[in-house]
Amino acid sequence: MARLIILGPPGSGKGTQAEYIARHFSIPAISTGDLFRAHVKGRTELGAEAGKYMDKGEFVPDHVTTGMLRLRLQDGDAAAGFLLDGYPRNAAQVLALDELLSSGRHAVDVVIALTVGDDELAARMLRRAKEQGRSDDTESVIKRRLELYRDETHAVVTSYTERGLLVSVDGTGEREAITAAAIAAVQAALERGSVAGPGRD
Ligand code: AMP
């Protein structure tokens with residue numbers, strides 16, 4: 001049982017790392033970006049609304065994002081823990097998540113911060129744009145997304161640092177080595193915490 005969050009700028013590889021880390025702890029990786037992209041692809045009403053913001057690199061309004069996450073966390077697979085990827089992204093979402101989790105039995109155990117330098121980030125995102133053809137990976141949109149991360153998501157890092165929940169992991173180098181470092185950091189933090197229990201291998 002582990003309730004984890006992964007933070008990292010766009011292009012830091014957090015989506016990929018989230019999948020591997022979540023698999024290790026036998027919990028689902030829940031990415032708000034992926035949930036939005038599924039809605040866009042499925043041409044739902046929510047997808048049409050979210051897509052307008054995503055294509056500009058802007059945040060989707062908090063109430064839309066939090067509403068979608070609330071529903072996802074009610075799915076059975078999230079009952080035994082989860083790794084959130086891409087949420088919370090600003091100070092208001094930190095509070096919204098506190099509220100979401102306090103109405104259930106959950107609380108956040110560990111927050112992973114993946115760190116990667118700015119130049120490396122921009123290069124990686126442009127490469128990904130070519131490979132995956134994501135409509136929000138153009139140069140101006142990338143710039144805006146990095147800007148928002150710096151301006152808005154910094155408050156999230158500060159907030160979890162103050163709570164003593166943050167572990168920093170260097171996001172440069174081999175994928176496997178980064179995953180191993182993240183898992184080790186989470187494991188150590190979980191063991192330091194008071195919530196011991198089986199099923200955390
Ligand atoms: P990501 O895949 O996490 O980079 O998210 C892609 C896009 O989805 C972002 O640029 C935002 O437009 C939107 N998005 C994802 N998560 C959030 C969130 N927590 N709050 C607001 N917008 C979000």
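If you check 157, 110, 94 for being closer than 22 Å to residue 25 by Cα and not aromatic (Phe, Trp, Tyr), only one passes: 110. Within the stretch 1-21, residues that are without any contact (Cβ under 8 Å) to a residue 24 or more places away in the chain sit with their Cβ atoms under 6 Å from residues that are hydrophobic (A, V, I, L, M, F, W, C) and more than 10 Å from the ligand (Cβ to nearest atom), at 6+ positions apart or across chains, in these pairs: 19/29. Residues satisfying the criterion are present in the stretch 154-165 (criterion: more than 15 Å from the ligand (Cβ to nearest atom) and on the phi > 0 side of the Ramachandran plot).
Among the residues of the stretch 93-117, just one is part of a helix (DSSP H, G or I) and in contact with a Leu (Cβ under 7 Å, 6 or more places away or on another chain), namely 100.
Of the residues 47, 117, 8, the single one that is more than 25 Å from residue 177 (Cβ to Cβ) and of a type in the set (Gly, Ala, Ser) is 47. Taken as a whole, the condition of being in contact with a His (Cβ under 9 Å, 6 or more places away or on another chain), more than 12 Å from the ligand (Cβ to nearest atom) and modelled with pLDDT under 95 does not apply to residue 104.
Each row is one residue, and each column tells you yes or no for (1) farther than 25 Å from residue 64 by Cα; (2) at pLDDT below 85; (3) more than 18 Å from the chain's Cα centre (by Cα).
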{"residue": "114", "(1), (2), (3)": "yes, no, no"}
{"residue": "130", "(1), (2), (3)": "yes, yes, yes"}
{"residue": "137", "(1), (2), (3)": "no, yes, no"}
{"residue": "145", "(1), (2), (3)": "no, no, no"}
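I'd like to know if the stretch 24-36 contains one or more residues that are under 28 Å from residue 3 (Cβ atoms), near the ligand (Cβ under 9 Å from one of its atoms), charged (D, E, K, R) and touching a helix residue (DSSP H, G or I) at 6+ places or on another chain (Cβ under 8 Å). Taking every residue of the stretch 24-36 in turn, at least one turns out to be under 28 Å from residue 3 (Cβ atoms), near the ligand (Cβ under 9 Å from one of its atoms), charged (D, E, K, R) and touching a helix residue (DSSP H, G or I) at 6+ places or on another chain (Cβ under 8 Å). Could you grab me the full set of residues in the stretch 121-140 that are exposed (fewer than 14 other Cβ atoms within 10 Å of the Cβ) and either in a helix (DSSP H, G or I) or of a type in the set (Asp, Glu) (or both)? The answer is 123, 127, 130, 131, 132, 139, 140. When the residues of the stretch 78-94 are filtered to those that are free of Cβ contacts under 8 Å to residues at least 60 places away in the same chain and more than 28 Å from residue 143 (Cβ to Cβ), the one that is farthest from the ligand (Cβ to nearest atom) is 79. For the stretch 64-77, indicate whether the set of residues that are closer than 29 Å to residue 142 by Cβ, in contact (Cβ under 8 Å) with a residue 60 or more places away in the chain and either within 9 Å of the ligand (Cβ to nearest atom) or in contact with an Asp or Glu (Cβ under 8 Å, 6 or more places away or on another chain) (or both) is non-empty. No, the stretch 64-77 contains no residue that is closer than 29 Å to residue 142 by Cβ, in contact (Cβ under 8 Å) with a residue 60 or more places away in the chain and either within 9 Å of the ligand (Cβ to nearest atom) or in contact with an Asp or Glu (Cβ under 8 Å, 6 or more places away or on another chain) (or both).
In the stretch 49-63, of all residues being over 19 Å from the mean Cα position of the chain (by Cα) and modelled with pLDDT of 95 or more, the one that is nearest to the ligand (Cβ to nearest atom) corresponds to 52.
The values are calculated or read from the model by the stated rules, or taken from the named source; none is laboratory data. Just so we're clear, the structure is a prediction, and the values are computed from it rather than from any experiment. Backbone-built Cβ (ideal geometry, glycine too); neighbour counts: all protein chains shown.
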